[in-house]
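See below for the structure under consideration.
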Protein chains: 2
Amino acid sequence: MNRFWSKALVGLTPYTSGEQPKDQRYVKLNTNENPYPPSPKVAEAINAFQIDSLRLYPDPDTTDVKNAVADFYDVNPRNVFVGNSSDEVLALSFMSFFINDKPVVFPDISYSFYPVYCDLYKIKAHMVPVKSDFSIDFDNFPSDNGGVIFPNPNAPTGKAVDLATVEKVVAAHPNSVVIVDEAYVDFGAESAIQLTKKYMNLLVVQTLSKSRSLAGLRVGYAIGHENLITGLNMAKNSFNSYPLDRIAIVGAAAAIKDRAYFEECCSKIIATREWSVKALEEIGFKVTPSAANFIFASPNGKYSAHDLYLDLKEKGVLVRYWNKPKISDWVRITIGTDEEMKILIKKIIELLD
Amino acid sequence: MNRFWSKALVGLTPYTSGEQPKDQRYVKLNTNENPYPPSPKVAEAINAFQIDSLRLYPDPDTTDVKNAVADFYDVNPRNVFVGNSSDEVLALSFMSFFINDKPVVFPDISYSFYPVYCDLYKIKAHMVPVKSDFSIDFDNFPSDNGGVIFPNPNAPTGKAVDLATVEKVVAAHPNSVVIVDEAYVDFGAESAIQLTKKYMNLLVVQTLSKSRSLAGLRVGYAIGHENLITGLNMAKNSFNSYPLDRIAIVGAAAAIKDRAYFEECCSKIIATREWSVKALEEIGFKVTPSAANFIFASPNGKYSAHDLYLDLKEKGVLVRYWNKPKISDWVRITIGTDEEMKILIKKIIELLD
């Protein structure tokens, strides 16, 4: 703490992202990046970009990205908000809808940025314990709240709920904004985007970082009722009017338009995930059913999860570990290529021997 | 207002940026963009960029940009914070240092984003009237405040103060963070960066949008004492961990490293500004002395400034006009190329005839 810091920084513990080593010597399965490159259309669009035009401001409304998202999901562009990554979209959403006197509700095992946003904005957080199988206990979400948020599939467990369950949650909290954080939805869960046409309190947030292989380009979006989108634009235009640069706009629009490539990548990752889960189970690991591009796995007493993380790192494979209640026996493993997953399994078998 | 909006949006009037027409038919002198393209090194760096690497997250610490800034200004990289435009840097600075019970002080004629940040964070704003010649009245800045901010040169007047004056202000408010917003400093004012080594309460904010011709890439930075930079990093990492994409990092670092090109561009703009000021004065305009890449000019009763803005737009030249007290007789004109400024002067002469 420093005497020049404001109230906002008091007691704040920032989000810790996964390690981003600067060298390339790791099989990097720790931050849920896509093992496949972005669509060739992204390279085409960026290569065709006129670099001299960088002297001019970008389109503050990111119209091309908005239109591409709207086309892809069959919604109106007025129902789309685009931001610098889904983290920025979430940060602006907490600001726009959750700064109230009532607590914001989310599962205790979930994306660890949510409690950070609560701290930043001095919002009370009501964390509802997940059940023993890590499923979200929606029945215990208090009805008197200042907002509801959960990822579907959940992170870091990978567990998804079906659309009927999502709809029940949205309908059960008609006076709160319910945010469904669908960062990983394309790998096997059902999106709630179409429900935004029916429920004016539903906001669906997605990202291009995972299923579109664009973690390095920083683009996310939200889809919801026009009133919610207007609120998000007010917050954005009171914080930073042009968060997407010209090249990010061009690359993001190209990625979204290439549906075939997107579907192919997702299918490959799902296939790799399925055999990887089996392989881990065969060597005695517990694995939660995953609808994401990662799996949540426990050595199940055969090995300490923390040691597994450290020893795999030593052997050149990075996975993610949290020393936190309920999940300290687990590691989160991003789905890489088949080759990368074979290396992972081989290294684990060596360690177990 | 909508029932789902939070307290943060109550009474909020977002910042209005200058028009960004999607077609190219205007001589665009309204948003202080640089008329020259970015350094050829930027194109080289971006063309050499491996687009496939976009599947991976960027460096959250933007080390290459930080190091380039530190080298350029002869400071330690630990004294540099990099953000998605200087607007984001300012938004995070208000959050980190100005959310307090005391008012934040700035001139009443200044960058119009400052009062928006105050509204967003519910900070009291104490706006000190500029003098009749538009100079900032530092003697009337109250000593009991929660922070001080001013641009040097000031916007939209273009008026600069010398380094001795900046130092006096910083020294006069030892218990507050004093932010000097140097978006336009490279066009003729003195930077306070070296003073950050002497005063732990001074933060200098700059941008690549103007003097580095990179408005379209969204990169800004702050230089200050390590404690201030740590605070900014805490705020950033509690909001959005990776605001700069991989290509922006590469392009920004290349731009900063090319000192010769930067100096050449600034010199050209200064030369164009000098004859443009004279030309406007010759046709009877009042012009404030400018140290920026824009001039603040008044038709001085010969024409309504609002009509001038509208009529120039009709004739294909965009300038910026604010219908606000004290400045409603003035327009702000970005310095374009010599050719663009000749067109502007010619159109004004036609209108005056």
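The values are calculated or read from the model by the stated rules, or taken from the named source; none is laboratory data. What you see is a predicted model; the values in this text were computed from it and never measured. For neighbour counting, all protein chains shown are included, and Cβ atoms are generated from backbone atoms with ideal geometry for every residue, glycine included. In case anyone asks, the SASA skips ligands and DNA or RNA and just uses the protein heavy atoms, side chains included. Shrake-Rupley method; radii C 1.70, N 1.55, O 1.52, S 1.80 Å.
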Express the C-alpha Rg of segment A:213-321 as a ratio against the empirical globular expectation 2.2 N^0.38 Å, rounded to two decimals. 1.52
Of all accessible heavy-atom area on the protein assembly as shown, the percent that carbon and sulfur account for (1.4 Å): 49
Among the complete DSSP H segments of chain B, which ones combine at least 27 Å of alpha-carbon extent along their axis with a mean Kyte-Doolittle hydropathy of -1.0 or more? B:259-282
Number of Lys pairs (Cα under 20 Å; 8 or more positions apart or on different chains) in segment A:232-353: 28
Delta accessible area of at least 50 Å² on complex formation, residues of segment B:203-218, 1.4 Å probe, chain isolated as reference: B:GLY216, B:ARG218
May I ask you to order B:58-64, B:202-208 by the average number of other C-beta atoms within 10 Å around their residues, highest value first? B:202-208, B:58-64
Return the value, in Å² to the nearest 100, of accessible area buried between chains B and A (probe 1.4 Å, both sides summed). 7100
Loop-only check: which trypsin sites (Lys or Arg not before Pro) in segment B:24-121 are DSSP coil with at most 11 other Cβ within 10 angstrom? B:ARG25
Ordered by number, the residues of segment B:1-18 with at least 10 Å² less accessible area in the assembly than alone (1.4 Å probe) are B:ASN2, B:ARG3, B:PHE4, B:TRP5, B:SER6, B:LYS7, B:ALA8, B:LEU9, B:LEU12, B:PRO14, B:TYR15, B:SER17
Taking only the Cα atoms of segment B:30-188, how large is their convex hull per residue, in Å³? 160
With every protein chain in place, what's the accessible area of B:ILE99 (1.4 Å probe, Å², nearest 10)? 30
As a test of the formula, what do you get for chain B when each DSSP H run with n ≥ 4 contributes -39,500 (n - 2.57) and the sum is divided by the residue count, at 222 nm and rounded to the nearest 500 deg cm²/dmol? -10500 deg cm²/dmol
What is the percent of Cα-Cα separations in chain A that go past 36 Å? 21
Rounded to the nearest 10 Å², what accessible area does B:MET127 show when all protein chains are kept and the probe is 1.4 Å? 90
Mean accessible surface per residue for the protein assembly as shown, computed with a 1.4 Å probe while every protein chain stays in place, in Å²: 36
Reduction of at least 30 Å² in accessible surface, 1.4 Å probe, comparing all protein chains with the chain by itself, residues of segment B:240-257: B:ASN240, B:SER241, B:TYR242, B:ASP245, B:ILE247
Hey, got a sec? Which trypsin sites (Lys or Arg not before Pro) in segment B:115-198 land in a DSSP loop and have at most 16 other Cβ atoms within 10 Å? B:LYS122, B:LYS124, B:LYS131, B:LYS198
Taking chain B as a Gaussian network, where each spring joins two C-alpha atoms under 10 Å apart, which residue of B:SER53, B:SER276, B:SER143 fluctuates the most? B:SER53
